[in-house]
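In what follows, a structure is listed as structure tokens, so that the remarks can point back to it.
Where a number appears in this text, it was derived from the coordinates with a stated rule and is not lab data. All figures in this text were calculated on a predicted structure; none of them were measured in a lab. Here the Cβ is made from the backbone with ideal geometry for all residues, glycine too, and neighbour counts use every protein chain on show.
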Amino acid sequence: MSGVYHVFMKYTRETDTLRADYGRHLLTFESRWAADELFRGLQSLKTAAGAKRFTTLTRVSPQFWCYDTVAGDPWWTIVYVQRENALPAFNYKFMSVILADAAVGRDWPILCNPTIGTDWVSGNTFYIRNRRLPGLFWYRSGGRLVLSTTRRSKFLITDSDVDDERVLIKTDNVTIMPVGYLNLPFGEYVYKNADGAKLSIGGTKQVWLFSDLFNSIGATWASETGFADGTQFAISAPKGGDEWEPC
């Protein structure tokens with residue numbers, strides 16, 4: 001998932017009045033993937049005593065996070081994480097800047113085109129659209145997954161390894177199920193067949209990598225009994241897929 005991505009991060013300890021003055025950060029990532037991976041990484045950080053370093057870490061939205069930490073200078077925690085190289089995999093994936101506070105006048109950046117949409121959390125339902133052609137959606141038609149600019153279906157994406165409603169990252173194993181108008185699944189799954197073959201929907205449960213959704217599904221126009229000529233179908237294309245995104 002390419003494209004620079006921004007997140008605001010705010011210190012929110014309710015018993016500390018300084019939360020109104022300090023602890024505001026702008027995080028800039030090389031992609032939305034990196035932001036979600038950092039969130040999971042921050043959740044995993046421990047103190048030397050084995051306690052969670054972030055005692056609160058809440059995704060109010062995909063681009064607005066609130067936090068509290070163990071004792072120290074809580075308004076600086078995300079800076080300390082970088083200085084200590086606590087998550088070395090992110091050295092080349094993000095940077096942060098401290099935003100305006102009560103003591104020092106720093107300019108607030110104006111962000112263009114903030115990302116709008118549902119948070120990529122396990123157990124949520126989504127429409128799925130093409131990132132380059134955002135009017136092209138996944139649509140369930142019988143036992144096939146077709147691509148349409150006039151119709152769309154919702155899908156339930158669930159982490160198959162944990163029951164928690166955690167944010168999804170590329171390496172998570174997931175299942176994808178079409179849902180009805182009440183957001184209830186039909187007990188059927190989206191599954192891939194051979195490379196180059198059309199995707200199917202049915203009772204065969206198949207586990208995907210979440211990243212497969214973004215780089216291994218392509219499109220083809222083809223004829224098939226029961227479908228109008230020129231119907232566009234989703235196909236398995238692990239080496240040449242389009243970018244699709246939940247929304």
Determine, for the chain, the count of lysine pairs separated by eight or more sequence positions (or lying on different chains) whose alpha-carbon distance falls under 30 Å. 23
With +1 on each Lys and Arg Cβ and -1 on each Asp and Glu Cβ, and nothing else charged, work out how big the dipole of region 1-92 is about its Cα centre, in Debye to the nearest 20. 140
Run the dipole for region 121-246 about the Cα centre, Lys and Arg Cβ at +1, Asp and Glu Cβ at -1, nothing else charged, and hand back the magnitude in debye, nearest 20. 400
Relative to the longest principal axis of the chain, what angle (0 to 90°, nearest 10) does the C-alpha long axis of helix 32-44 take? 50
Full extension from Asp119 to Ser141: what is 0.36 nm times the residue separation minus their Cα-Cα distance, to one decimal in nm? 5.3 nm
Sorting check: for 139-149, 158-168, which peptide has the highest mean count of neighbouring beta carbons within 10 Å, and how do the rest follow? 139-149, 158-168
Computed magnitude of the charge dipole of the chain (debye, nearest 20; Cβ of K, R +1, Cβ of D, E -1): 280
What value, in deg cm²/dmol to 500, does the helix sum -39500 (n - 2.57) over DSSP H runs of n ≥ 4 give at 222 nm once divided by the residues of the chain? -2500 deg cm²/dmol
In the chain, what percentage of the DSSP-assigned beta bridges are antiparallel, given to the nearest 5? 95
Given the options Ala234, Gly218, Gln206, identify the residue whose Cα lies farthest towards the positive end of the charge dipole of region 192-239 (+1 on Cβ of Lys, Arg; -1 on Cβ of Asp, Glu). Gln206
Explain nothing, just the number: relative contact order of region 121-246, from Cα pairs under 8 Å at least 6 residues apart, as a whole percent. 25
Quick check: Cα centre of region 1-53 to Cα centre of region 188-207, how many Å? 37
Here the FRET efficiency for Lys170 versus Thr17, based on Cβ atoms and R0 = 35 Å and rounded to 0.05, is 0.30
What is the antiparallel percent of DSSP beta bridges lying wholly in region 5-98, to the nearest 5? 80
